[in-house]
Amino acid sequence: MDLVNHLEDRLLFAVPKKGRLYQTCLNILKGADIKFRRNPRLDIALVQNLPIALVFLPAADIPQFVGLGRVHMGITGQDQIAEARLRVGEKLKVEELLNLKFGSCKLQVQVPEKGSITDVKQLVGKRIVTSFTHLARDYFNNIEKELKAEGKVANDVETDITFVSGSVEASCALGIADGIVDLVESGETMRACGLMPIDTVMETSAVVVRSANIAPSLKPLLDRIVSRISGFIVAQEFVLVNYNVPAEALEEVIKITPGKRTPTVSKLTDPGWLAVSSMVLKKDVARVMDELSQHKASDILVLEISNSRA
Ligand SMILES: Nc1ncnc2c1ncn2[C@@H]1O[C@H](COP(=O)(O)OP(=O)(O)OP(=O)(O)O)[C@@H](O)[C@H]1O
Ligand SMILES: O=P(O)(O)OC[C@H]1O[C@H](OP(=O)(O)OP(=O)(O)O)[C@H](O)[C@@H]1O
């Protein structure tokens, strides 16, 4: 099929084609009932049940495609957006719509654990290797400016920033860098390479973005997709906790499970008892169950939420 001739009037949605964000993005598309079949050789896939075309791109390129209006919306990291803003400048019109709360990590300045550098100021005038050259340049410009104003370094000193596209952590060991600027999540890669963090340039997570100049006719569909994705993300974050409680304990247990908006309280056939149903953050569920038990709640059930809508 000649895909290009099928793109007109479709909402173009950019999705990372590989890397850390890829699999979760596929889960999100499924959760939003966006059905497609992708020919592995093609980076464009027509959605079967909605007038959307998915465009599979490197996460680093998505801000530029969205920000210059070549695709209408996308998913990428805030780090990539910040880098693209510095690279492209004012022409980049990209708007963050929704934080997806995955792909969370920190962009950090790292140096060899066993070296003499312990402060970023010591890296001024030295060699930095990174995939985020614009963010690193901006970060070191500020430090250089400060040190120059204080007369602590000469005016012509400039930190050397070199681009590599991956395996940044190998740079110090290979003798091409005195420090690096790279992403850290668990810290395993950093530690395995004998590096330690000395500062954080920014924190990042994956977000849904849209182009600032999108045709009004596409806006309702874009809003519908964002609402579906948002519902799916909430469903991933929360569980539903149901339990029974003596009426006199209601006030106390509601403090433990206040819900996302408010809990549902229903009568039971036994007039002294009530049933409560409330959304609880997955990460808090064990503590919440312990506290409910201590406050006379019984028959506590935890149910997965497969999807939700605000
Ligand atoms: N370790 C990590 N933990 C969480 N999120 C990460 C991590 N590494 C990267 N990310 C996020 O994912 C985005 C894409 O990074 P990734 O390195 O996966 O991309 P890639 O270069 O396209 O893929 P690959 O490294 O496989 O070539 C980053 O910009 C960041 O927002
Ligand atoms: O703190 P950690 O949990 O170890 O994660 C950090 C690593 O993850 C990313 O790279 P990735 O593995 O995606 O590959 P890359 O180095 O080729 O970009 C990042 O660039 C770090 O190398």
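The values are calculated or read from the model by the stated rules, or taken from the named source; none is laboratory data. Computed from a predicted model, the values in this text were never measured in an experiment. Cβ coordinates were reconstructed from backbone atoms using ideal geometry, including for glycine residues, and neighbour counts include every protein chain displayed. When the accessible area is computed, the model is the full protein with side chains, heavy atoms only, and any ligands, DNA or RNA have been set aside. Shrake-Rupley method; radii C 1.70, N 1.55, O 1.52, S 1.80 Å.
Can you divide the C-alpha Rg of region 225-302 by 2.2 N^0.38 Å and report the result to two decimal places?
Against the compact-globule rule of thumb, the ratio is 1.16.
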Listed residue (151, 173, 134) projecting farthest to the positive dipole end of region 105-204, Cβ model: 151
Base-10 log of normalised Debye intensity for the chain (one unit scatterer per alpha-carbon) at q = 0.07 Å⁻¹: -0.42
Folded to 0 to 90 degrees: helix 219-237 orientation relative to the chain principal axis, Cα: 70 degrees
Out-of-range pairs (alpha-carbon distance over 21 Å; input 121/145; 17/101; 106/260): 106/260
Degrees separating the helix 133-149 axis from the principal Cα axis of the chain, which is the longest one: 60 degrees
For residue 195, residues with placed amide H under 5 Å, excluding near neighbours: 113
Å² per residue, accessible surface of the chain at 1.4 Å: 53 Å²
With Cα atoms, 0 to 90° folded angle of helix 78-88 axis to the chain main axis: 40 degrees
Protection proxy ranking, peptides 176-185, 275-284, average beta carbon neighbours within 10 Å, highest first: 176-185, 275-284
Pairwise label distance in nanometres, residue 270 with residue 116, each label 7 Å out on the Cα-Cβ vector: 7.5 nm
The chain - mean residue ellipticity at 222 nm from DSSP helices (-39,500 (n - 2.57) per run, n ≥ 4, rounded to 500): -8500 deg cm²/dmol
Computed magnitude of the charge dipole of region 105-204 (debye, nearest 20; Cβ of K, R +1, Cβ of D, E -1): 160 debye
